[in-house]
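The values are calculated or read from the model by the stated rules, or taken from the named source; none is laboratory data. For clarity, every value in this text was computed on a predicted model and none was experimentally measured. Because the Cβ atoms are built from the backbone with ideal geometry, glycine has one as well, and the counts that use them run over all protein chains shown.
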Amino acid sequence: MNELIKQSEIISVLPDGSREQGEKPLLREHSLKISVNGEQRFNIICTGEYIKELTVGRLLTEGLIGSAQDIESLVTDKDGHTAEVVLKSDPINTNEYHKLPQATWSDGEIFALAKRFSEGTQMHRVTQCTHSCFLAKGSELLFCCEDIGRHNAVDKAVGHAVLNGIDLSGCMLFTSGRVPTDMVMKTVAAGIPVLVSKSVPTADSVETAHKYGLTLICRAYPDRFEIY
């Protein structure tokens, strides 16, 4: 984790006008360029880990692939700043979204994940600069990741599932971020029937979730959650 964080000198200003000098750990930004069949598609500012997962997750949630089987090859440079993807055919580029399968979950599973989520993740504890995302099946935590952007963190979790042959129709996502419509659509595109957040949705995202049969659970804490 050390290469992802840099110590920076700071001056803290207090209400009485006094100053305190010190150091603060800050997250380093990482740039990633993703090309598909020789054409640059995405330029992403992220954290420099789980680059392949982020790449595959972004392709799936943007509708360029339907599964890992659509990928001929995926090559990243040694520093993870470029990802070159070759597909077996032209990108799907589909804007078709389908009704999600019936969600299966229990109150106990949500509370267990919320408790685990409230314990925080490593980089966030150090820097307070990341969003987190869990991929879970029932009460089993399958994958945990962090990123500067909440959308990137979701894509990393989705990409992990795709690369490891995990059936997303039986999974749920737990995110730290607010839930606008584009976050809902990422989840729908991935075929995940349950999206949980410790934050809040928008009115539009709730309507979109209803349209596609997404179970949307927000303000999820160890002692309560809300179903929208």
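Restricting attention to the stretch 38-73, the residues that are aromatic (Phe, Trp, Tyr) and within 13 Å of Gly159 (Cα to Cα) add up to 1. When the stretch 48-82 is limited to residues that are buried (at least 21 other Cβ atoms within 10 Å of the Cβ) and touching a Lys or Arg at 6+ places or on another chain (Cβ under 7 Å), the one that is nearest to Leu32 (Cα to Cα) turns out to be Leu54.
Table: residues versus (1) buried (at least 22 other Cβ atoms within 10 Å of the Cβ); (2) in contact (Cβ under 8 Å) with a residue 40 or more places away in the chain; (3) under 12 Å from the mean Cα position of the chain (by Cα); (4) over 17 Å from Arg116 (Cα atoms).
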{"position": "Glu140", "(1), (2), (3), (4)": "no, no, no, no"}
{"position": "Cys145", "(1), (2), (3), (4)": "yes, yes, yes, no"}
{"position": "Ile148", "(1), (2), (3), (4)": "no, yes, yes, yes"}
{"position": "Val158", "(1), (2), (3), (4)": "yes, yes, yes, yes"}
{"position": "Gly177", "(1), (2), (3), (4)": "no, yes, yes, no"}
{"position": "Pro180", "(1), (2), (3), (4)": "no, no, no, yes"}
{"position": "Val184", "(1), (2), (3), (4)": "yes, no, yes, yes"}
{"position": "Asp204", "(1), (2), (3), (4)": "no, no, no, yes"}
{"position": "Ile227", "(1), (2), (3), (4)": "no, no, no, yes"}
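If the condition is being out of contact with any helix residue (DSSP H, G or I) (no Cβ under 7 Å at 6 or more places or on another chain) and of a type in the set (A, V, I, L, M), then the stretch 78-92 contributes Val86, Ile92.
Can we say His131 is touching a Lys or Arg at 6+ places or on another chain (Cβ under 6 Å), surrounded by 16 or more Cβ atoms within 10 Å (Cβ to Cβ), of a type outside the set (A, V, I, L, M, F, W, C) and modelled with pLDDT of 90 or more?
Numbers: touching a Lys or Arg at 6+ places or on another chain (Cβ under 6 Å): yes; surrounded by 16 or more Cβ atoms within 10 Å (Cβ to Cβ): yes; of a type outside the set (A, V, I, L, M, F, W, C): yes; modelled with pLDDT of 90 or more: yes.
Judged against the criteria, His131 is a match.
Would you say Lys99 is in a loop (DSSP other than H, G, I, E, B), surrounded by fewer than 16 Cβ atoms within 10 Å (Cβ to Cβ) and touching a residue at least 12 places away in the same chain (Cβ under 8 Å)? Here the answer is yes, as Lys99 does meet what is asked. Residues that are of a type in the set (A, V, I, L, M, F, W, C) and within 21 Å of the chain's Cα centre (by Cα) within the stretch 72-94 comprise Leu74, Ala83, Val85, listed in sequence order.
Counting the residues of the stretch 207-225 that are over 14 Å from Val194 (Cα atoms) and either assigned to a helix (DSSP H, G or I) or over 20 Å from the mean Cα position of the chain (by Cα) (or both) gives 4. Criterion first (out of contact with any Lys or Arg (no Cβ under 6 Å at 6 or more places or on another chain) and more than 18 Å from Val158 (Cα to Cα)) does Ser89 satisfy it? It is true that Ser89 is out of contact with any Lys or Arg (no Cβ under 6 Å at 6 or more places or on another chain) and more than 18 Å from Val158 (Cα to Cα).
Specify the residue that is nearest to Cys171 (Cα to Cα); the eligible residues are those in the stretch 102-140 that are in a strand (DSSP E or B) and in contact with a Phe, Trp or Tyr (Cβ under 6 Å, 6 or more places away or on another chain). Only one residue tops the list, namely Leu135.
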